């Protein structure tokens with residue numbers, strides 16, 4: 001009779017254990033559900049704004065937009081450098097994609113020879129992945145349309161419209177204004193304005209010469225941004241409405257140059273080589289600065305081929321050389337007026353005469369004059385450019401007095417006109433002779449007569465000659 005009670009006691013014990021375990025398990029599940037619910041509520045209610053922002057950033061991105069470069073005008077407001085719309089092709093190298101195949105396919109729709117294709121592939125190799133590289137600028141509407149409708153055949157290739165720098169007067173202002181060109185690796189720095197991400201944009205250009213280089217930061221402006229929708233790999237899917245940040249155009253720069261005078265100056269030179277500078281002597285404004293022959297700066301913006309650049313560089317008239325600022329020449333007889341000023345300051349009378357029989361004997365040799373001028377005073381010596389007079393007067397003055405006067409008239413120095421690359425030329429004196437010729441540091445008397453007629457060591461620029469005049 002005791003057996004049933006033993007069985008019931010065992011069953012009750014097992015049920016008690018089961019109930020305790022079920023209660024603990026149920027409590028754990030309830031706690032987990034409560035924690036999960038609390039976390040979900042926290043994420044949805046408290047962190048909603050944060051995760052919404054992260055979600056949006058995964059869906060949308062901002063594409064940098066280069067700012068319009070600042071205009072450059074002449075003294076009367078005539079435009080010397082501006083911008084115009086430009087259809088172009090861009091290609092962003094992507095993962096698991098053969099760029100050679102894409103470029104080869106693209107060449108069927110736009111003209112690209114083998115050399116150009118290799119150059120593009122080299123640019124792609126140097127650019128970060130997903131960073132677009134400019135394949136071609138100034139494409140036609142037909143080419144633009146042909147590429148746009150074949151997007152599936154050309155993954156990573158986009159045809160869009162940007163702006164390109166244009167110089168309406170071609171080469172007339174090329175040496176003064178300079179030109180812009182693509183950014184090189186050497187242009188990018190770790191800090192400062194050249195560290196900005198806009199430098200990597202295929203449509204961005206940097207000043208290379210002249211005022212475009214000297215005033216590059218003012219002319220750049222500030223980049224904007226265009227909101228685009230992207231896929232999981234960061235590739236652009238379509239433009240997103242709203243949210244664009246407008247770019248700030250660069251500063252407009254007005255020059256003292258006169259467009260009509262500049263064009264007329266270049267016209268007068270024709271095919272000849274030389275330089276001319278015209279200045280308003282009342283204000284010091286430079287009205288014209290011509291270097292001939294010149295070159296078309298627009299060709300540099302588009303990009304020159306190696307053959308085109310070689311032809312310009314090897315042309316004997318040196319069109320790439322700014323002869324107004326960087327070429328130095330012996331001033332010749334124009335220097336005689338400064339020798340006359342030095343003589344007057346030294347106390348020589350303008351009425352003092354020197355006989356010119358057509359030559360001058362000194363140092364055991366005969367120095368020739370271009371004519372027989374007879375008894376010549378300072379006024380007549382300047383009017384007839386008498387070498388004999390200035391041979392004699394310069395020997396009496398000595399090189400240091402002449403050099404001091406020449407420097408006070410602007411020779412032998414550079415001027416702050418905003419254009420880099422000026423040469424100072426050379427106005428020699430006895431100190432120069434000691435520095436430049438340590439084996440023969442003495443200024444010999446026979447070196448002075450040549451100095452007195454603007455020859456010998458003397459070298460000046462066209463700008464210095466204009467300032468002196």
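The values are calculated or read from the model by the stated rules, or taken from the named source; none is laboratory data. Quantities reported herein were computed from a predicted structural model and do not represent experimental measurements. Don't worry about glycine lacking a Cβ; one is built from the backbone with ideal geometry, like all the others, and counts go over all protein chains shown.
Numerical summary
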quantity: Within segment 347-376, considering residues that are touching a helix residue (DSSP H, G or I) at 6+ places or on another chain (Cβ under 6 Å) and either in a loop (DSSP other than H, G, I, E, B) or modelled with pLDDT of 95 or more (or both), the one nearest to residue 452 (Cα to Cα); calculated: 369
quantity: Among the candidates 427, 382, 393, 417, residue that is surrounded by 13 or more Cβ atoms within 10 Å (Cβ to Cβ), modelled with pLDDT of 95 or more and closer than 20 Å to residue 329 by Cβ; calculated: 427
quantity: Residue among 418, 454 that alone is in contact with a helix residue (DSSP H, G or I) (Cβ under 7 Å, 6 or more places away or on another chain), part of a loop (DSSP other than H, G, I, E, B), farther than 30 Å from residue 215 by Cα and in contact (Cβ under 8 Å) with a residue 40 or more places away in the chain; calculated: 454
quantity: Residue 228 part of a strand (DSSP E or B), in contact with a strand residue (DSSP E or B) (Cβ under 8 Å, 6 or more places away or on another chain) and at pLDDT below 85; calculated: yes
quantity: Filtered residues of segment 72-82 (kept if surrounded by 19 or more Cβ atoms within 10 Å (Cβ to Cβ) and not in a loop (DSSP other than H, G, I, E, B)); calculated: 72, 80, 81
quantity: Index of the failed condition, residue 428 passing every other in (1) in contact (Cβ under 8 Å) with a residue 12 or more places away in the chain; (2) out of contact with any helix residue (DSSP H, G or I) (no Cβ under 7 Å at 6 or more places or on another chain); calculated: (2)
quantity: Exclusive hit being more than 30 Å from residue 266 (Cβ to Cβ) and outside any strand (DSSP E or B), set 317, 379; calculated: 379
quantity: Hey, residue 155 in contact with a helix residue (DSSP H, G or I) (Cβ under 8 Å, 6 or more places away or on another chain), in contact (Cβ under 8 Å) with a residue 60 or more places away in the chain, surrounded by fewer than 18 Cβ atoms within 10 Å (Cβ to Cβ) and within 27 Å of residue 197 (Cα to Cα) or not; calculated: yes
quantity: Residue in segment 432-445 that is touching a strand residue (DSSP E or B) at 6+ places or on another chain (Cβ under 7 Å) and either assigned to a loop (DSSP other than H, G, I, E, B) or in the same structural domain as residue 338 (by TED's automatic domain parsing) (or both) present; calculated: no
quantity: Residue check for residue 332: at positive phi and more than 42 Å from the chain's Cα centre (by Cα); calculated: no
quantity: All positions within segment 261-295 that are out of contact with any strand residue (DSSP E or B) (no Cβ under 8 Å at 6 or more places or on another chain), within 14 Å of residue 80 (Cβ to Cβ) and either outside any helix (DSSP H, G or I) or in the same structural domain as residue 410 (by TED's automatic domain parsing) (or both); calculated: 294
quantity: Hits in segment 125-146 (condition: modelled with pLDDT under 80 and assigned to a helix (DSSP H, G or I)); calculated: 125, 126
quantity: The one condition in (1) in contact with a strand residue (DSSP E or B) (Cβ under 7 Å, 6 or more places away or on another chain); (2) assigned to a loop (DSSP other than H, G, I, E, B) that residue 176 fails to fulfil; calculated: (2)
quantity: Tally of residues being closer than 30 Å to residue 372 by Cα and crowded, with 18+ Cβ neighbours inside 10 Å across segment 396-414; calculated: 6
quantity: Matching option when the condition is modelled with pLDDT under 85 and at positive phi, among 162, 156, 210; calculated: 156
quantity: Whichever residue in segment 396-414 is under 41 Å from the mean Cα position of the chain (by Cα) and part of a loop (DSSP other than H, G, I, E, B) and, among such residues, is farthest from residue 331 (Cα to Cα); calculated: 414
quantity: Test result for residue 327, closer than 30 Å to residue 442 by Cα, outside the structural domain of residue 444 (by TED's automatic domain parsing) and surrounded by 17 or more Cβ atoms within 10 Å (Cβ to Cβ); calculated: yes
quantity: Subset of segment 296-314 that is in a helix (DSSP H, G or I) and touching a strand residue (DSSP E or B) at 6+ places or on another chain (Cβ under 9 Å) - its residue that is surrounded by the most Cβ atoms within 10 Å (Cβ to Cβ); calculated: 297
quantity: Residue in segment 110-124 that is nearest to residue 184 (Cα to Cα), counting only those that are in contact with a strand residue (DSSP E or B) (Cβ under 9 Å, 6 or more places away or on another chain) and assigned to a helix (DSSP H, G or I); calculated: 123
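Results for (1) within 19 Å of residue 134 (Cα to Cα); (2) assigned to a helix (DSSP H, G or I); (3) touching a strand residue (DSSP E or B) at 6+ places or on another chain (Cβ under 9 Å); (4) modelled with pLDDT under 80, shown as yes or no for each residue.
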position	(1), (2), (3), (4)
6	no, yes, no, yes
20	no, yes, no, yes
33	no, yes, no, no
41	no, yes, no, yes
55	no, yes, no, yes
70	no, no, yes, no
86	yes, no, yes, no
95	yes, no, no, yes
